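Chemist: Could you have a look at this structure, given as structure tokens, before my questions?
The values are calculated or read from the model by the stated rules, or taken from the named source; none is laboratory data. Predicted model, so just to flag it, every value in this text is computed and none were measured. As a convention, Cβ positions derive from the backbone with ideal geometry for all residues, glycine included, and neighbour counts pool all protein chains shown. Side chains included, ligands, DNA and RNA excluded: accessible areas come from the protein's heavy atoms. Shrake-Rupley method; radii C 1.70, N 1.55, O 1.52, S 1.80 Å.
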Amino acid sequence: MANREDFINPNTSSPITVSDADSSYLLESSQIGSASGSLQNEGFLSGTDSSSAAVAVDAEFGFSRPDFRQSLLVGSVDFYERHVFLCYKNPQVWPPRIEAAEFDRLPRLLAAALVARKNDMKKQLTICEGHDGTETSNGDVLIFPDMIRYRRLTHFDVDTFVEEVLVKNGEWLPGNPEALTGWYIFVCCHGSRDRRCGVCGPAIVSRLQEEIVSNGLQGKVSVSPCSHIGGHKFAGNVIIFGRNANKEVSGHWYGYVTPDDVPQLLEQHVAKGEIVDWLWRGQMGLTEDEQKASQEHRLSVNGGTDMERGTKNSNEVGISTCGSQLEGRSCCQTNGNISCCQNTQLPDDADNFNLHQENAEFTSEKKKSFKRQISSVKGARPRKVCSMPTWYECWEREDTYAVLAVIGAAISVAFAYNCYRQLK
């Protein structure tokens, strides 16, 4: 686990956060799994129409969809050794295949450069949210397990960056790599690629933000929406990067995650460094067979208690939460011995930024917060659903430079033509 000092080192880069101003696509607790969770909706939902739409969309794309928790999770992550995240705009404006979009030059060129060198490296490229003037500006690149950030990559520098940093494992001279500390959580919210991710992802991000704030984990744990990572059917999809007990950086993939599973992921995986096996898809750096063998080993050691605990707690919690489905929350479902609801206790281990020392009342406060959330669902009001962004919300700084260059060229041509006419 990372030491507490790692989070306050002025020479390192702190975890990124999603600002309130740019989180309009996130959900209130009453909208989890609802139509308003889809990044592709426009307009308003209100009253009876809101409840009906919420139930309909949740039944088709949300946490109560027919295919939810119907597929085996473990071993569903393709082998790769390095994960590259490009900070670029936000889920509202991402096209279905942003890495191939004509007008999104930076992600398109970076993806093409990685494909061209695929024989030299096993990398995965994912887009995460970025906003100019914030901690994660458009063009910033986060690399795991390296735990470094490069600032302001442009499409002019893509080939050099890929060659020097990702192929040769060197440094990109125009940039200054910053060390990343803390835990980084990415949630697929790519609604234009698959509606299930657009409905489930924002609800999970919203719950993660609530838990991070309520438990004082700002600056230690970050959360960001991200683009397609593979396995739409497993939505909600979550990836967690951080240091394990051996101080090694690992990247773990989770699938079929619901907002109710967020506290357990924070308590068990982040605070204690223990994998939540019943939601675990796999891990960066392991093949499919190695992922399965790894889980089998863990289950043989702990006697499969994680799976059993998931079933037991889901039966207890499901009774109190399923009644809220009409208000937009999805009902807990079970699939064999694996269930969607969890309610575990805070780990006793004091490792990993002293979570339980700093938050002695973490578990009790979490339970109180959860009860308040459940009780407030019925009284929650529907909120405006984000409409598609206007052109200036999609504008890039480099687009401004391009326009200025065109204007300058036009002025130069006009001036030269005027001089030519005068000379005649």
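Chemist: When the Karplus curve 6.51 cos²θ - 1.76 cosθ + 1.60 is applied with θ = phi - 60°, which whole-Hz ³J(HN,Hα) does each residue of segment 185-193 get, with x for Gly and Pro?
Modeler: Calculated HN-Hα couplings, in order: 10, 10, 10, 5, 10, 7, x, 6, 8 Hz.
Chemist: What are the ³J(HN,Hα) values, in whole Hz, obtained from phi via the Karplus relation 6.51 cos²θ - 1.76 cosθ + 1.60 with θ = phi - 60°, for each residue of segment 145-161 in sequence order, with x given for Gly and Pro?
Modeler: x, 4, 6, 10, 10, 10, 8, 6, 5, 10, 5, 5, 9, 4, 4, 5, 4
Chemist: How much length is gained on full extension from E171 to E102, taking 0.36 nm per residue of separation minus their Cα-Cα distance?
Modeler: Working: separation 69, 0.36 × 69 = 24.84 nm, distance 2.89 nm.
Result for the pair: 22.0 nm of gain on full extension.
Chemist: Something else now. Once the Cα gyration tensor of segment 120-192 is diagonalised, what are the square roots of 5 times its eigenvalues, in whole Å and ordered largest first, as equivalent ellipsoid semi-axes? Please list the in-between numbers first.
Modeler: Working: eigenvalues 79, 44, 39 Å².
For segment 120-192, the ellipsoid semi-axes come out as 20, 15, 14 Å.
Chemist: Quick one: length gained pulling L299 to L404 fully straight, 0.36 nm per residue minus the C-alpha distance?
Modeler: Values: separation 105, 0.36 × 105 = 37.80 nm, distance 6.07 nm.
Stretched out fully, the L299 to L404 stretch lengthens by 31.7 nm.
Chemist: Please give the Cα centre distance for segment 226-288 versus segment 127-171, rounded to the nearest Å.
Modeler: 23
Chemist: About its Cα centre, how strong a charge dipole does segment 82-299 have in debye, to the nearest 20, once Lys and Arg get +1 and Asp and Glu get -1 at the Cβ?
Modeler: Computed about the Cα centre, the dipole is about 280 debye.
Chemist: If you don't mind, there's one more thing I want to ask. Which residues' amide hydrogens lie under 5 Å from the amide hydrogen of L286, considering only partners 5 or more residues apart or on another chain, with H built in the peptide plane?
Modeler: Amide H neighbours of L286, under 5 Å, 5+ apart: Y80.
Chemist: DSSP loop (so not H, G, I, E, B), at most 16 other Cβ within 10 Å: list which trypsin sites (Lys or Arg not before Pro) in segment 169-266 pass both filters.
Modeler: K247
Chemist: Is segment 201-288 best put as rounded, prolate or oblate by its Cα gyration tensor, with a ≥ b ≥ c the root eigenvalues, rounded for a/c under 1.5, and otherwise prolate when a/b is larger than b/c, oblate when not?
Modeler: Judged from the Cα gyration tensor, segment 201-288 comes out oblate (a/c at least 1.5, b/c at or above a/b).
Chemist: Over segment 82-299, what number does the Rg to Rh ratio reach, with both radii from the alpha-carbon atoms and Rh per Kirkwood?
Modeler: 0.94
Chemist: Let me ask something additional. Would you pull out the residues with amide H under 5 Å of G191's amide H, same chain only if 5 or more places away, H placed 1.01 Å from N?
Modeler: Those lying under 5 Å, H to H, from G191 are L39, G198.
Chemist: Pull up all non-local amide H partners of V221: gap of 5 or more, or a different chain, and H-to-H distance under 5 Å with H placed in the peptide plane.
Modeler: HN-HN under 5 Å from V221: W183.
Chemist: Also, quick follow-up: Read phi for every residue in segment 166-179 and hand back ³J(HN,Hα) as whole Hz from Karplus 6.51 cos²θ - 1.76 cosθ + 1.60, θ = phi - 60°, with x for Gly and Pro.
Modeler: Here the 3J(HN,Hα) series is 8, 9, 8, 6, x, 10, 8, 4, x, x, 10, x, 10, 6 Hz.
Chemist: In what order, largest first, do L166, L109, L423 sit by accessible area if the probe radius is 1.4 Å?
Modeler: L423, L109, L166
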